[in-house]
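First up is the structure itself, then whatever we jot down about it.
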């Protein structure tokens, strides 16, 4: 398995992968593949932080990180939003998602990012260091239940002395 940056030639295959993968996801609204298109088209898109996992030439996993502005007591804090992460059903529980997340973290740190946020299952994402944003000094002002709005420091202490709020996650 190789982790690579996404190329435009991969877009159609990624669209189908995301659509199919979320059909068997624990939580899905059925629009995740369109969310990818929306994120790519927006001004928060970071091409270097959209990655795929490949087995030979087959795309088996996908992850995306985009900019997320958090209102804080010190002005805007630019972090990342991890969304979405998906793995083909037959490759789940084999370390594909883990490798995508950790490779994404390393690439994000190289670009100077210090924190990542997401909406997801805490039982899955806790293994990567994610915790409820309230425990990081960030208030969840979205309509999403607190237990599913998670954050993680890529650099230890990055969110120390920062008080802020997330009012949208897209």
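Here, each number is a calculation from the coordinates, and none is a lab measurement. Predicted, not measured: the structure shown is a model, and the values here were computed from it. Positions of Cβ are generated from backbone atoms using ideal geometry, with glycine treated the same way; all protein chains shown enter the neighbour counts.
General remarks:
- Folded to 0 to 90 degrees: helix 11-23 orientation relative to the chain principal axis, Cα: 80 degrees
- [x] 11.8; [y] 9.2; [z] 12.8, with the label sought being that of the calculated mean projected area of the Cα convex hull in nm²: [y]
- Part-to-part distance (alpha-carbon centres) for the stretch 72-151 and the stretch 7-27, which is given in Å: 19 Å
- Angle between the chain longest axis and helix 96-110 axis [Cα atoms, degrees, rounded to 10]: 50 degrees
- With Cα atoms, 0 to 90° folded angle of helix 32-41 axis to the chain main axis: 70 degrees
- Averaging the sequence gap over all C-alpha pairs within less than 8 Å and six or more residues apart, then dividing by the number of residues, gives the chain a relative contact order of 20 percent.
- Cβ-to-Cβ counts within 10 Å put 152, 86 in ascending order as 152, 86, the fewest first.
- In the elastic network of the chain, a GNM with C-alpha springs shorter than 10 Å, the most mobile of 45, 102, 15 is 102.
- Modelled spin-label separation between residue 94 and residue 46, with each label point placed 7 Å from Cα along the Cα-to-Cβ direction: 2.9 nm.
- The chain - mean residue ellipticity at 222 nm from DSSP helices (-39,500 (n - 2.57) per run, n ≥ 4, rounded to 500): -7500 deg cm²/dmol
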